[in-house]
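A quick write-up on the structure given underneath.
The values are calculated or read from the model by the stated rules, or taken from the named source; none is laboratory data. Not measured: the values here are computed from a predicted model. Don't worry about glycine lacking a Cβ; one is built from the backbone with ideal geometry, like all the others, and counts go over all protein chains shown.
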Amino acid sequence: MKNIRPGDPRPSRAPARRPEAAGASPQGFHVVLAIAFVVLLILKIAIVRVYRNFLKHAPVLGMMIFILAVIVFAISAGFTVVMKIFYPFVACLSEARGTS
C-alpha cells in the first residue's frame, strides 16, 4: 500500500456513477408513481369491497389516486409536448455542431 501524506487527496475506490445509474432517471420516477397509483387503487378497491370499517378513508384515497394520475399524465404529456416544440431546434443545433 502506498504511503498517503496528510495533504494528498484520497484515491477513489469506485468510479463516480451517473445519476441514471443511481436510479434518478425520469423513467424511474414515472415507474415509481405508476406503482404507487396501482397500489393505492388496489387498496381503495379492497377498502370498498372488504374492509368497510375504513370506508371513511375512501374519499382521501380517491383524491390521492386522482392526483397521482394527473402527475403521471403531466409528466408523459409534458415531455411529448416539449419534444414536439423543441426537438427541431435541438436537432438543428446538433447538426450545426457536427454531433448527433
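Annotations for the structure displayed:
- Condition met for residue 36 (in a loop (DSSP other than H, G, I, E, B) and either surrounded by 15 or more Cβ atoms within 10 Å (Cβ to Cβ) or at pLDDT below 90 (or both)): no
- The set of residues from the stretch 68-90 being at pLDDT 90 or above and surrounded by 12 or more Cβ atoms within 10 Å (Cβ to Cβ) comprises 68, 69, 71.
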